[in-house]
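Below is one structure, written out as structure tokens; the observations come after it.
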Amino acid sequence: MRLRGIKTQEEANLFLTEYLPIFNKKFNVLAMEKGNMHMKLPRGIKLNRILCIKNQRSLRNDFTVAHDKKLYQVVENIKTKNVIVEEYVNGSLKLYYKDKSLKYKEILTRPMRFRKMKLSDLPITIPRKKWIPATDHPWRRYNIRGLNNFAGSNSKP
């Protein structure tokens, strides 16, 4: 079509009316047997699991999976590092681990990172009182180089 200088759709349609019979005559092959040669699908085969896009994703410590700029929370308690995300033709998706479908929900708002939190959002902590062991505590009886460090004792052993 480029060699003939065809630039519009109408010109292309006119060209195809004369070109298609020549193309079919050159490359057309007749079947050895007539009839429908399609096989029935065996039991147990799920075409939607075959004809989908499968991606392996990491399962984080908080049981979340990031996929396609979205975050999903796995509801079930599983011990694994990776899960398979299957995207189907209709736009839906499922999470799998060892051919077992996992229950999940989409997290619509991302949690705030700790670094981005304001000081006013941080929990208020009460400072701990410094612990001082009692005077008769075993730690105070620790003996270094023959010296007795017992509090209140001025005598040497």
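The values are calculated or read from the model by the stated rules, or taken from the named source; none is laboratory data. As the structure is a computational prediction, the values presented were derived from the model and not from experiment. Here Cβ is always computed from backbone atoms with ideal geometry, including for glycine, and neighbour counts include all displayed protein chains.
What to note about this one:
- When the criteria are applied in full, Leu102 meets the requirement of being at pLDDT 95 or above, out of contact with any Pro (no Cβ under 8 Å at 6 or more places or on another chain) and within 30 Å of Asn48 (Cα to Cα).
- Tally, over the range 47-77, of residues that are surrounded by 14 or more Cβ atoms within 10 Å (Cβ to Cβ) and of a type in the set (A, V, I, L, M): 5
- In the range 35-62, of all residues being among the hydrophobic types (A, V, I, L, M, F, W, C) and closer than 26 Å to Val83 by Cα, the one that is farthest from the chain's Cα centre (by Cα) corresponds to Ile45.
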